[in-house]
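Beneath this line is the structure, given in structure tokens, with notes to follow.
The values are calculated or read from the model by the stated rules, or taken from the named source; none is laboratory data. No experiment lies behind these values; they were computed from the predicted model shown. All Cβ positions, glycine included, derive from the backbone under ideal geometry; neighbour counts span all protein chains shown. When the accessible area is computed, the model is the full protein with side chains, heavy atoms only, and any ligands, DNA or RNA have been set aside. Shrake-Rupley method; radii C 1.70, N 1.55, O 1.52, S 1.80 Å.
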Amino acid sequence: RVTGAHEIPHARWVLHTVAPLYGEGEAFRFDELNRCYSECLRAAAAHGARSIAFCALGTGFYGWPEVVAAGLAVRAVFKWAAEQDELQQQPTSPPVASGLAKIVFTTWGEQQHHVYTRVLAREQRNWG
């Protein structure tokens, strides 16, 4: 769901999403968390956002280990960006209207910052 940002400085909208509870052996939970990121990216692009910031979805009350959640988050963003690039390369498709140029991961504390830094470096190598 997208709402106005009201009094939040430098923001026009707030995208609301709820991460699934973490559960061992429940692969569909991974898909649900991935969908949280991809749907927020889709909604931000549809609203004409130029940037989006994500917190570490699911890592608090919902119990996701930071490394697992960070990996899913970063891969979801990289996959979305690759899909946007692919759409823009197709000569028969209409131009992609996404002006989303900046995607930020906000972290809470030094440990979470290090987790995201390591995951981002690893995934950048994997995505080339």
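Here are a few things to note about the model shown:
- Expressed as a whole percent, the accessible area of the chain that falls on carbon and sulfur atoms is 55 (1.4 Å probe).
- Between helix 66-89 and the chain: long-axis angle, C-alpha atoms, 0 to 90°, nearest 10: 10 degrees
- When you restrict to C-alpha pairs under 8 Å that are six or more residues apart and normalise by the size of the stretch 34-86, the relative contact order lands at 44 percent.
- Amide H contacts of Phe54 (H built 1.01 Å from N, in plane; Pro and chain starts excluded): Val104, Phe105, Thr106 sit under 5 Å, all sequence-distant by 5 or more or on other chains.
- In the chain, one over the average inverse separation of all distinct C-alpha pairs is 15.7 Å, which is the Kirkwood hydrodynamic radius.
- Folded to 0 to 90 degrees: helix 109-127 orientation relative to the chain principal axis, Cα: 50 degrees
- Taking the longest Cα principal axis of the chain as reference, the axis of helix 27-46 is set at about 40 degrees.
- Separation of the Val14 and Lys102 label points, Cα + 7 Å toward Cβ, nm: 2.1 nm
- Given their separation in residues at 0.36 nm each and the Cα-Cα distance between them, Arg50 and Glu32 gain 4.0 nm when the chain is fully extended.
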